[in-house]
Amino acid sequence: MRRLLPLFILFSISLGLLQGCATAVVGGAATGASVIHDRRSAGTILDDKTITIKIMNELLQQPELREHSSMSASAYNHLVLLTGQAESESYRSQFEQIASNTPMVKRTINEVQVGPNATLTQQSKDTWITSKAKIELFNIDLPGFDPTRVKVITEKGVVYLMGMVTPEESTAVVEKIRYLDGVVKVVKVFEYL
C-alpha cells in the first residue's frame, strides 16, 4: 500500500497537468480560429488583450475609484472604449486618465456615465441584448461580411459597436441591432476600411 501512494500522487499531479494542457490547446485553437477571421493582425489582437488587462488591473489597484464606480475597458485596434458608471465626473476622468496613459493606446473614447451603477436586473438585460445582437449579426447578407469581426458591448441599453468594417457593413449592422427589444441607442465606434 505504501508503494501505491507515491504512484497515486504522481498520477494525480500528472492528470492535473494534462488537463491544463488540454485547456491550453482548446483555448489556443479558439484564439487561432478568431485570428483567421479578424481584420487585425495576431499581434494587434494580443496588444488589445494586453491593453484591456493593464487598464483593468490599474483600476483594481485604485480601491477608492473601484469602490465608487463600475467601469470597464474594451480595446480594439489600440482604440479603447470606456463604459460603465461612476459616482462623479472626477472618478470618470480618473479612469480615462488611466486608460490614456496605458502603453500602446492610440485613442480613448470615454462613454462612462456619471450616476448610479447598473442594477443586477439591468446588467442581465444588457447581457441579453448583447447576445441577441451577436445572433442578429449572423443574419446580415453581405458578400464577405463576417459577424465575428464586430465587437458588441451593451451598457444600460446603449449598444456600442467596435470593429474594422466597411461603411456598407456598418449600415447593415446598425440596421439589424437598432430595433432589437431593449436597445435605447446604438453608438458606432467603428474604424472604416
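The values are calculated or read from the model by the stated rules, or taken from the named source; none is laboratory data. Being a predicted model, the structure only gives us computed values, none of them experimental. Positions of Cβ are generated from backbone atoms using ideal geometry, with glycine treated the same way; all protein chains shown enter the neighbour counts.
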> Within segment 71-108, which residues are more than 20 Å from Leu46 (Cα to Cα) and within 15 Å of the chain's Cα centre (by Cα)?
Replying inline: Met71, Thr83, Gly84
> Would you say Ile177 is in contact with a helix residue (DSSP H, G or I) (Cβ under 9 Å, 6 or more places away or on another chain), of a type outside the set (Ser, Thr, Tyr) and over 22 Å from Lys49 (Cβ atoms)?
Replying inline: yes
>> Quick check on my filter: what residues within segment 72-87 are in a strand (DSSP E or B) and within 12 Å of Thr52 (Cα to Cα)?
In response: Ser72, Ala73, Ser74, Ala75, Tyr76, Leu79, Val80, Leu81, Leu82
> List, please: which pairs have Cβ atoms under 7 Å, are six or more places apart or on different chains, and start with a residue in segment 54-68 that is under 23 Å from His78 (Cα atoms) and end with one that is of a type in the set (Val, Ile, Thr) and assigned to a loop (DSSP other than H, G, I, E, B)?
Replying inline: Lys54/Thr102; Ile55/Thr102
>> For segment 124-166, give me each residue that is among the aliphatic types (A, V, I, L, M) and over 14 Å from Val186 (Cβ atoms).
In response: Ile135, Ile140, Leu142, Met164
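To keep it simple, each residue is scored yes or no on (1) in the same structural domain as Met56 (by TED's automatic domain parsing); (2) more than 24 Å from Asp48 (Cα to Cα).
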position	(1), (2)
Ser93	yes, no
Met104	yes, no
Gly157	no, yes
Met162	no, no
Thr171	no, yes
Asp181	no, yes
Val186	no, no
Tyr192	no, no
>> With the structure loaded, tell me whether Ile45 is in contact with an Asp or Glu (Cβ under 9 Å, 6 or more places away or on another chain) and under 25 Å from Pro147 (Cβ atoms) or whether it fails that test.
In response: yes
> Can you pull out the residues in segment 98-143 that are surrounded by fewer than 13 Cβ atoms within 10 Å (Cβ to Cβ) and without any contact (Cβ under 8 Å) to a residue 24 or more places away in the chain?
Replying inline: Asn101, Thr119, Leu120, Thr121, Ser124, Ser131, Ile135, Phe138, Asp141, Pro143
